[in-house]
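Enquirer: What follows is a structure written as structure tokens; I'll ask about it next.
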Amino acid sequence: MTHKILLVDDEKMMTELLEDHLRDCGYETFSANSAGEAIRLLQKQPDLIILDINMPGMDGLELCRSIRDHIVCPILFVTARVTEQDKINGLQYGGDDYITKPFSLNELAARVAAHLRRDERNRNRPSVLTADELIVNLSERVVCCRGEEIPFSRREFDLIEFLMTNAGQVFDREHIYEAVWGYDADGDSSVIKEHIRRIRGKLREATGHDYIETVWGVGYKWNR
């Protein structure tokens, strides 16, 4: 099995350098040059993340803390910060290792291999869907944004999971009702409208975004 590695650094030259070396070592790599892009790439289900601390906006420490409860793979910090407290912070925020710049590419590859060998948590990796900074943990059935959980009822979560899993596709209310409630459910598809309204309100309040679009005369879809 080819392991997948997510590289996160705001310096594109650095991610390209690491990509080239790790691909030569036999890994599949994905690169992100911002925290938002990194969150979107979590859907690739990486086996290991290499994360820079010094990034504009959400830095590596905050990114690590916001995703740590939703992914189980090792996180390796690579940074120019060299004090003992910097290393302690990196580990306390959820990192598994800390490599200071400048570093040897061979040493980095050796540490990556060591963490992957030791890591048996992948067998129980939670399934995660993401949209911008929104993280939907299907295993734990929780929705979070920037580390804060957004409360949803069981049916609301089921609707989010269905629409996100089929992002970009338009479904009418009858189709959604059958998919989420089941063919033999007692009820009416008119309840979909009210559930969607509540979901939209909670997501808008927490994120400022509208993820569910009404396609007039047809139904609803989750925007990619």
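The values are calculated or read from the model by the stated rules, or taken from the named source; none is laboratory data. Source: prediction; values computed, not measured. Please note: Cβ atoms are built from the backbone with ideal geometry, for glycine as well, and neighbour counts cover all protein chains shown. Heads up: the accessible areas ignore ligands, DNA and RNA and are worked out on the full protein's heavy atoms, side chains in. Shrake-Rupley method; radii C 1.70, N 1.55, O 1.52, S 1.80 Å.
Enquirer: Mind counting the residues in the stretch 46-71 that are more than 23 Å from GLU148 (Cβ to Cβ), open to solvent by 20 Å² or more (accessible area, probe 1.4 Å) and modelled with pLDDT of 90 or more?
Expert: Going through the stretch 46-71 one residue at a time, the tally reaches 0.
Enquirer: Can you name the helices (runs of 4 or more DSSP H) wholly within the stretch 130-224 that have at least 3 residues being touching a residue at least 12 places away in the same chain (Cβ under 8 Å), closer than 28 Å to ALA35 by Cα and open to solvent by 60 Å² or more (accessible area, probe 1.4 Å)?
Expert: Passing ranges: none, list empty.
Enquirer: Something else about it: Quick one: count up the residues across the stretch 60-83 that are part of a loop (DSSP other than H, G, I, E, B) and either touching a residue at least 60 places away in the same chain (Cβ under 8 Å) or under 17 Å from LEU129 (Cα atoms) (or both). Show your work before the answer.
Expert: Residues of the stretch 60-83 that are part of a loop (DSSP other than H, G, I, E, B), as a first pass: 68-74, 80-83.
When the remaining residues are screened for being either touching a residue at least 60 places away in the same chain (Cβ under 8 Å) or under 17 Å from LEU129 (Cα atoms) (or both), the result is 68-73.
Within the stretch 60-83, residues that are part of a loop (DSSP other than H, G, I, E, B) and either touching a residue at least 60 places away in the same chain (Cβ under 8 Å) or under 17 Å from LEU129 (Cα atoms) (or both) number 6.
Enquirer: Residues LEU17, LEU41: which one is in contact with a strand residue (DSSP E or B) (Cβ under 7 Å, 6 or more places away or on another chain) and part of a helix (DSSP H, G or I)?
Expert: Working: LEU17 fails: in contact with a strand residue (DSSP E or B) (Cβ under 7 Å, 6 or more places away or on another chain).
Only one candidate passes the filter, namely LEU41.
Enquirer: In the stretch 20-38, which residue that is assigned to a helix (DSSP H, G or I) and open to solvent by 30 Å² or more (accessible area, probe 1.4 Å) is nearest to ALA109 (Cα to Cα)?
Expert: HIS21
Enquirer: For ARG224, work out the one condition from (1) under 19 Å from the mean Cα position of the chain (by Cα); (2) closer than 23 Å to ARG65 by Cα it doesn't fulfil.
Expert: Condition not satisfied by ARG224: (2).
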